[in-house]
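These notes concern the structure reproduced below.
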Amino acid sequence: MKHFLHLYDLSSDELHNLLQEAIALKTEYKKSGNPPLLKGKSLAMLFMKPSLRTRVSFELAMQHVGGYAFYLGPSEVGLGQREAIADVARVLGGYAHAIMARVFDHEHILELAKWSPVPVINGLSDYNHPCQALADALTILEAFGSLDGLKLAYIGDSNNVTRSLLSLSKIAGMIFSVASPEGFTLDEETLEQADYDKVEITYNPTQAVKDAHVIYTDTWVSMGQEEETEKRRKVFPPYQVNAQLLKHAASNAIVLHCLPAHRGDEITDEVADGPQSRIFQQAENRLHAQKALLVKLLAELPEG
Ligand code: CP
Ligand code: NVA
């Protein structure tokens, strides 16, 4: 694996190994700290959108293993505007050992990877969010001991996070059930590319969560869709993850949300802060899962 742009960049075995490495790094970090596995390595973090978790978890993941990360915000680089993406990729690749980027148009992350001499990590695009899915997988693994055969129900807007959960479900052998309102379901192209027979698409949230082990939701209005807020807030309320909906899930079900949450919209306080919620463990796991990813991508490169 040179780049990490899509969850399918990992085979099922590679995903399994990465999750085991994340667990080992997490345990080690909490006990005594991690050794400097990435001493002298640097990560350029390029953000065209806001972030809390992605920025902080990548920066600290590098620091914990002796490396260094630096942040570039939207106004500094002007990706594809102030400077061609191909040029940004080659310039940053001359300075840093890897580039993590959060972009609007998915083509931009592909273009960065095409030209970059160093690994490129997708820190979210309008199309997908594979780093999030790694942390989600780790959280599910911690709760159930394995992923294979579990039912993951996603309720709400079929978006970048949903696409990465579909990929994760296929790689890990989970049943993936999605309930979205009409007009907000997964696109045909994504479903065709996934070519996965354990996917259920419905307009009915109760049906989707039936006997599910993992209930997942995300914002109704993703970054870049702010002008659709009013329209979306009219359509999505029946897709709220609340205590009533949770009753239809398996009794040991856990609740996930990639965050940031819009409490009272896609999830209630009662559920987000309730005993089945794992949302803060999930947020913390961004750190551990990405540390394992960085070590996998960078450990073999020469220091510099
Ligand atoms: N879940 C996630 O990617 O959060 P940020 O947007 O804060 O990075
Ligand atoms: N779907 C959300 C995820 C945020 C982490 C967005 O793209 O804004």
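Odds and ends about this structure:
- Distance from the Cα centroid of region 158-205 to that of region 58-77 is 32 Å (rounded to whole angstrom).
- At least 27 Å along the helix axis (C-alpha) and Kyte average at least 0.0, DSSP helices within the chain: 279-298
- Loop-located trypsin sites (Lys or Arg not before Pro) in region 1-66, at most 15 other Cβ atoms within 10 Å (DSSP): LYS2, LYS39
- Where GluC sites (Glu not before Pro) fall in DSSP loop in region 248-300, at most 12 other Cβ within 10 Å: GLU300
- Candidates ASP136, ASP265, ASP195, ranked by Gaussian network fluctuation over the chain, Cα under 10 Å, top entry: ASP195
- Gyration tensor verdict on region 1-63 (Cα atoms; rounded if a/c is under 1.5, prolate if a/b is larger than b/c, oblate otherwise): oblate
- Most mobile listed residue (SER75, SER146, SER125) in the chain, GNM with C-alpha springs under 10 Å: SER75
- Of the trypsin sites (Lys or Arg not before Pro) found in region 82-150, those in coil by DSSP whose Cβ has at most 13 other Cβ atoms within 10 Å are ARG82.
- Going from the fewest other Cβ atoms within 10 Å to the most, the residues MET100, MET223, MET48, MET1 appear in the order MET1, MET223, MET48, MET100.
- Mean separation of Cα contacts under 8 Å (6+ apart) over length of region 138-186, as relative contact order %: 44 percent
- Contact order relative to length of the chain, as percent, for alpha carbon pairs under 8 angstrom and 6 or more apart: 20 percent
- Charge sum, other residues only, whose C-beta stays under 13 Å from GLN207's C-beta, Lys/Arg counted +1 and Asp/Glu -1: 0
- Residue among HIS213, HIS288, HIS108 with the largest mean-square fluctuation in a Gaussian network model of the chain, springs linking Cα atoms under 10 Å: HIS108
- For region 182-228: rounded, prolate or oblate by the Cα gyration tensor [a/c cutoff 1.5]: oblate
- Annotation: amide H-H contacts under 5 Å for GLY67 (H modelled 1.01 Å from N, sequence separation of 5 or more, or interchain): LEU38.
- Cα shape, region 163-246, gyration tensor, a/c 1.5 rule: oblate
- The value of relative contact order for region 112-262, using C-alpha pairs under 8 Å at least six residues apart, is 24 percent.
No value in this document is a laboratory result; all are computed from the given coordinates. This structure is a prediction, so every number in the text was calculated from the model and none was measured. Here the Cβ is made from the backbone with ideal geometry for all residues, glycine too, and neighbour counts use every protein chain on show.
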